[in-house]
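The values are calculated or read from the model by the stated rules, or taken from the named source; none is laboratory data. Note that the coordinates shown come from a computational prediction; the quantities given were computed from them, not determined experimentally. Quick reminder, even Gly has a Cβ in these numbers, built from the backbone with ideal geometry, and neighbours come from all protein chains shown.
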Amino acid sequence: MPFSSSCSKVSMVLVVSLFVTSLMAMTASAGNFFQDFDVTFGDQRAKILNGGQLLTLNLDKASGSGFKSKNEYLLGRIDMQIKLVSGNSAGTVTAYYLSSEGPTHDEIDFEFLGNVSGDPYTLHTNVFSQGKGNREQQFHLWFDPTKAFHTYSIVWNSQRIIFLVDNIPIRVFTNLETIGVPFPKNQPMRIYSSLWNADDWATRGGLVKTDWTQAPFTASYRNFQASTTSTNSLTEQSAWQTQGLDAAGRNRLRWVQQKFMVYNYCSDLKRFPQGLPVECRRSRF
């Protein structure tokens, strides 16, 4: 088979696969925000609508807003559909993450850093274990996250953490406790989300400030789903408890990281002049 023909077929298979996994992610069953979450700040800037099926966060010059889960989770799969702030979102941050409490807390982060109209959002990810983070990877997305809802997921089991966007893996953090790298698996965590002003750092290192004439800024949430040992049947449990990446998943991860990753702490030699963190020298999968 000619090389060009082979490449075309591989590309077509990948595109079809990405489309199918996106549809699968978008059809997750919905939770209820009244039952599952509490508003943490912002007063009426956080609104639960449509009988608990939709939640919106708003940011104005006086305050942002946020919410957290009523329940704590220890390992599982968390899915949330989010539509981000549209237009000129420079200076704003929409954070969506899992976190425990205390000085040695664990945390698994999605943060969406706004930008001026027409420029892409930056999706910032990080993993904290026993109070230590500094494991940032950042991406641009292959779609406009302000035009429609997209599903952002965390698979968290005892072997690895997988970050997914529309069921497409963008990052894997592997349990490497055997070589001394702490891994978050003992502290229950709540789900948090907030929309807030961070124009001192969020956009181009703080060079671009929030344009308050565009306020209020709004992010929307729907179709929350949590799959844990306490919420699923044995069949469903096994899916996330042992989930890794098959060959197709590894191909999708490489595609995202090669084309859309804009920062990787594991490549930042200036930041780590004494040598990269030990987990950076091991397999990502």
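In table form, for the structure just shown:
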item: Subset tally (residues that are closer than 30 Å to Tyr73 by Cβ, surrounded by 13 or more Cβ atoms within 10 Å (Cβ to Cβ) and not hydroxyl-bearing (Ser, Thr, Tyr)) for region 187-210; result: 10
item: Selection within region 147-193 - of a type in the set (A, V, I, L, M), out of contact with any Leu (no Cβ under 9 Å at 6 or more places or on another chain) and closer than 27 Å to Thr40 by Cα; result: Ala148, Ile161, Leu164
item: Number of the condition not met by Asp144 [criteria: (1) acidic (Asp, Glu); (2) surrounded by 19 or more Cβ atoms within 10 Å (Cβ to Cβ); (3) over 24 Å from Thr40 (Cα atoms)]; result: (2)
item: Those residues of region 229-276 which are modelled with pLDDT of 95 or more and among the β-branched types (Val, Ile, Thr), in sequence order; result: Val256, Val262
item: Residues satisfying the stated conditions in region 132-175, i.e. in a loop (DSSP other than H, G, I, E, B) and aromatic (Phe, Trp, Tyr); result: Trp142, Phe143, Phe149
